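Nothing in this text is a laboratory measurement; each read-out follows from the coordinates by a stated rule. Keep in mind it's a predicted model, so treat the numbers as computed, not measured. Every residue, glycine as well, gets a Cβ built from its backbone with ideal geometry; the counts of neighbours run over all protein chains shown.
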Amino acid sequence: MILIDWRSATVEAVSRLYAAETGRWRRDLHWDISAQWATVEGARASRRLPGFIAESSSGQVLGWSFHLLHRGALQVGALVADSAATTERLVDAILRSDEARTASSLMMFGYLDAPGLERCLSPRGLAVERYRYLQRSLTAGGAEPPAAARTYDHTDAAAVASLLAASYDAIDPLRPFARSGHRDEWIEYVAQLTHGAGCGVFEPAMSPVLPGEFGGLDGAALVTRLAPGVAHLAQVAVQPVMRGRKVGWQLVLAAMAAAERQGCDRLTLLVSERNEAAGRLYERLGFVHTGAFQSVGRPQ
C-alpha cells in the first residue's frame, strides 16, 4: 500500500471518489452532498486542501481522506477506507501531517464507516461519540407553532448563537461544533448553518423561533433541506429556564408541520447517544434509527 498526495491526482480520479460517497449518503441517508464537492474540489485543485489517497501496488484506490487546519483545530473532512489496515495508514498520515504538527486539537465528524476506526483511534488518545441518525415520514396533522412563535429572520442570528451557548455545556471536546464554547464559535456555527451547505440548505420558512418575553429567544428549531422532499432538523434549543414546559416538543412539531407545507415528506435529525432524554422525545414523536455518525476528539 502506498499513499499519495491527493492534490496531485487527476480531476477524473477524484470525481469517482466524490461520486461513490455521494451515492452512499443518498442511498443510506437520503442526503444529497453532491453540491459540497465543488467547494472541496476548488480547494484541492488550488492545493489549499491537503489529503491522501491510499493505493495498492497495482494502482487500485483503497481509501482516501482530506483535512485542514482551522482555528488551531485539525479538521478531518473525509476518511474512506476498504479495510482496518487502510484506515490505520490514513489516520497515521493525517496525524503526522504538517497541519497536525501545529494543531492544538482534532475534530472529525461525519457518516464514517472506515473499518476499525474506533479501535485505531483509542491508542492514539482519541475518543468517539456516536450520533444517532433518525428519520420520520411526515403526514398531515402536524401541530402549529406556539402562539408567540414566528419563523426565523436573518436578524435572529446573534440571538440564536446566544441561545445555543446557554443550552449547551460551555466546553465539550467531543461536540462537533463550538467545542470551546466561545461566543465567536457559536456565531460562526450559526452562520455556517444558515449560509453554508455542509448541513443542507437552510430553510427559514421551516424554522420556528420563540421570542423571549424580555428579549432574545426562548427557543428555536433550525431546519435545512438535504434533498428534494427531505428536511433536516439541524438544531433544537430551549433556554434552560424554559425547560419542562414542552417548548422543545412544540417546536419540533411546528417544524414538522412547516416542512410538510414546504413540500417535504421526510424529516431527519442527529442526536448524541449521550442525550438520552432528547432521544426518548424523538422516539415518542415517531422517529426511527437508520444510521450513525461519529464525532472524534481528544478528551480533556
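Between E273 and H154, the modelled labels are 4.1 nm apart [label points 7 Å from Cα along Cα→Cβ]. The longest stretch of the chain left intact once loop-based GluC sites (Glu not before Pro) with at most 14 other Cβ atoms within 10 Å are removed from consideration, loops following DSSP, is 1-212. Working out 0.36 nm times the residue gap between R298 and S83, then minus their Cα-Cα distance, what length gain in nm do you get to one decimal? So the chain would gain 75.0 nm between R298 and S83.
Taking the dipole about the Cα centre of the chain, with the C-beta of Lys and Arg at +1 and of Asp and Glu at -1, give me whichever of S180, A84, V160 is farthest to the positive side. Checking the options against the dipole of the chain, the answer is A84.
T102 label point, 7 Å along Cα→Cβ, cut-off 15 Å on backbone N: hits in segment 53-90? Answer for this model: 68-75. Classification of segment 225-294 by its C-alpha gyration tensor yields an oblate form. The axis ratio a/c (a ≥ b ≥ c) is 1.5 or more, and b/c is at least a/b. How far, in degrees from 0 to 90, does helix 183-195 lean away from the longest principal axis of the Cα atoms of the chain, to the nearest 10? Approximately 90 degrees, to the nearest 10.
When the chain is treated as a Gaussian network with alpha carbon springs shorter than 10 Å, the biggest mean-square fluctuation among Q36, Q60, Q235 belongs to Q60. Between the helical axis of 11-29 and the longest alpha-carbon principal axis of the chain there is an angle of about 40 degrees.
Sequence-distant contacts, meaning Cα pairs under 8 Å at least 6 residues apart, place the relative contact order of segment 2-125 at 21 percent. Taking every alpha-carbon pair under 8 Å whose residues sit at least 6 apart, the chain reaches a relative contact order of 21 percent. Against the chain, whose longest principal axis comes from its Cα atoms, helix 36-45 is set at around 30 degrees.
What FRET efficiency would be calculated for the residue pair S34, T290, taking the C-beta separation as r and a Förster radius of 22 Å, to the nearest 0.05? Efficiency computed from Cβ-Cβ geometry: 0.60. The stretch between H70 and R245, if pulled fully straight at 0.36 nm per residue, gains 59.1 nm over its current Cα-Cα span. Taking chymotrypsin sites (Phe, Trp or Tyr not before Pro) across segment 233-300, none is in a DSSP loop with at most 12 further Cβ atoms lying within 10 angstrom of its Cβ.
Rg/Rh for segment 6-138 stands at 0.96; both radii use Cα atoms, and Rh follows the Kirkwood definition. Spin-label model, S15/M1: points 7 Å from Cα along the beta carbon direction are separated by 2.8 nm. For segment 135-297, what does the alpha-carbon gyration tensor say about shape, rounded, prolate or oblate, given a ≥ b ≥ c as the root eigenvalues, a/c under 1.5 as rounded, and a/b over b/c as prolate? Rounded, since a/c falls under 1.5.
Please get the size of the charge dipole for the chain, origin at its Cα centre, with Cβ charges of +1 on Lys and Arg and -1 on Asp and Glu, quoted in debye to the nearest 20.
On the way: 31 positive and 31 negative charges, 52 e Å.
Charge dipole of the chain: 260 debye, to the nearest 20.
From a point 7 Å beyond the Cα of D92 in the direction of its Cβ, which residues of segment 1-25 have a backbone N at a distance under 19 Å? Of the residues in segment 1-25, 1-6 have backbone N under 19 Å from the label point off D92. Place a point 7 Å from Cα of E118 in the direction of its Cβ. Which residues in segment 261-299 have their backbone N less than 18 Å from it? So the set is 271-276, 289-299.
Give, rounded to the nearest 20 debye, the magnitude of the charge dipole that segment 210-262 has about its Cα centre when Lys and Arg contribute +1 at Cβ and Asp and Glu contribute -1 at Cβ. Please report the intermediate quantities before stating the final value.
Values: 5 positive and 3 negative charges, 23 e Å.
So the dipole magnitude of segment 210-262 works out to roughly 100 debye.
As a calculated quantity, the FRET efficiency between A191 and Q262 at R0 = 30 Å, using C-beta atoms, amounts to about 0.85.
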